């Protein structure tokens, strides 16, 4: 953990549940960022679990127009996911809820309360009918229309940090503190295969858009690409010199972007691991990346409270969004490429125009 994080931990004590030793480095840092906002005490934000309204006064930022700010959560927002049709967003929080709401105006739809611990990861099924949410040692799959639980997957022995759905909707992959990545049947929850080649916490997974491979990033500083059917490793990327916190495939499955505690995002060839370029715009660790649907741009977010958008072909900076007052935890690009959603330790999800 960084020096800043260590000093913050000393200031607030060690009796809080999210400071237990087994929690992932990424989660601990993100949550401590939230506590650091007010010098060791939680800043109060306007919250509502009924009908969040638009921000009355748009926040000044360098470039980009805020469309609205969702304030439904009462604690750090750790995950978000956009539905495949772009009409709804699901957001998960340390407040133990997943909230589903209208992506066009922030109108509240419903709250899922099936998880009884902080929600660390979310993903919609490709057909938009189900959502998988990860909390501690389990992943729950539930109906996205009404929040009814379908089943619970309990294959992991420790906190689950990340989940992803296969493009054909038939399988789900999850990874966590137990250093494993597990693939399982999305319809039944039956375990299919466990990938065990990481030697530290698994922070991120993503399924290639063509469905042929899974990429996983770990605190062991590697990014590994492998076959979900056999678990056979096809390449390991060693470009980072610190924990890998986030990964993302380009829409054409040809490149991977990986963000790290080394403050960089690196883009590289998904077939041979050849380095393409390094983006160095962030001043702190990078915990989120997202490719635009047309593959032309990448958005990245981190502990420095910014989301930065840059050219996916050469890494040149395009603009910076500065609407958050806490570390950025997750980014989602809308399916039509017109807006970006970003979640934060400041308790909010912000929707803003991608230009």
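Observations, loosely collected:
- When residues in segment 234-254 are screened for being surrounded by fewer than 20 Cβ atoms within 10 Å (Cβ to Cβ) and either closer than 13 Å to residue 290 by Cα or in contact with a helix residue (DSSP H, G or I) (Cβ under 9 Å, 6 or more places away or on another chain) (or both), 2 of them pass.
- Where residue 231 falls short, out of the listed (1) surrounded by fewer than 17 Cβ atoms within 10 Å (Cβ to Cβ); (2) on the phi < 0 side of the Ramachandran plot: (2)
- Of the residues examined, residue 259 is not one that is assigned by TED's automatic domain parsing to the domain that holds residue 168 and surrounded by fewer than 18 Cβ atoms within 10 Å (Cβ to Cβ).
- Odd one out for residue 239 among (1) outside any loop (DSSP other than H, G, I, E, B); (2) within 13 Å of residue 265 (Cα to Cα): (1)
- For residue 154, the criteria (1) buried (at least 20 other Cβ atoms within 10 Å of the Cβ); (2) modelled with pLDDT of 95 or more hold in every case but one, which is (1).
- When the residues of segment 57-82 are filtered to those that are crowded, with 20+ Cβ neighbours inside 10 Å and outside any strand (DSSP E or B), the one that is modelled with the lowest pLDDT is 64.
- In summary, residue 175 fulfils each of the numbered conditions (1) in contact with a helix residue (DSSP H, G or I) (Cβ under 9 Å, 6 or more places away or on another chain); (2) within 24 Å of residue 266 (Cβ to Cβ) with the single exception of condition (1).
The values are calculated or read from the model by the stated rules, or taken from the named source; none is laboratory data. Treat the numbers as computed from the prediction; the structure is a model and nothing was measured. Every residue, glycine as well, gets a Cβ built from its backbone with ideal geometry; the counts of neighbours run over all protein chains shown.
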